[in-house]
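A short write-up of the structure that comes next.
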Amino acid sequence: MYPFQRPGSIVEIDERQENIRAESWRNEYDHPIYFIELRDRYACGWCELDGSQLILIPTAQSRGQIRHLQYPNEADIIGRITAVVMPLVRKDDRP
């Protein structure tokens, strides 16, 4: 989810917000970010549900691929990310 979340970020997850709302958003800052448990790792991103398809949508800057997953067979929605603490300087740039 770069640049919204840089590598090494710490996130706060509201587990009560596990249902993805089908709404239109004014911009990427208004679009909720969800924390997803895959079978072999975790992911976070913008999400849409299309029937039994969970669609993970990356930011354009991350250059990631849109992922289609069978829901709930391949992924569980843990909750919505409600806060982020992130480094502003990469570790290798620190003195």
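The values are calculated or read from the model by the stated rules, or taken from the named source; none is laboratory data. Please read all numbers here as calculations on a predicted model, not as lab measurements. Because the Cβ atoms are built from the backbone with ideal geometry, glycine has one as well, and the counts that use them run over all protein chains shown.
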- Message: Which residue is surrounded by the most Cβ atoms within 10 Å (Cβ to Cβ), if the candidates are limited to the stretch 21-52 and must be modelled with pLDDT of 90 or more and assigned to a loop (DSSP other than H, G, I, E, B)?
- Response: PRO32
- Message: Looking at the stretch 53-64, can you tell me whether even one residue there is assigned to a loop (DSSP other than H, G, I, E, B) and at pLDDT 90 or above?
- Response: no
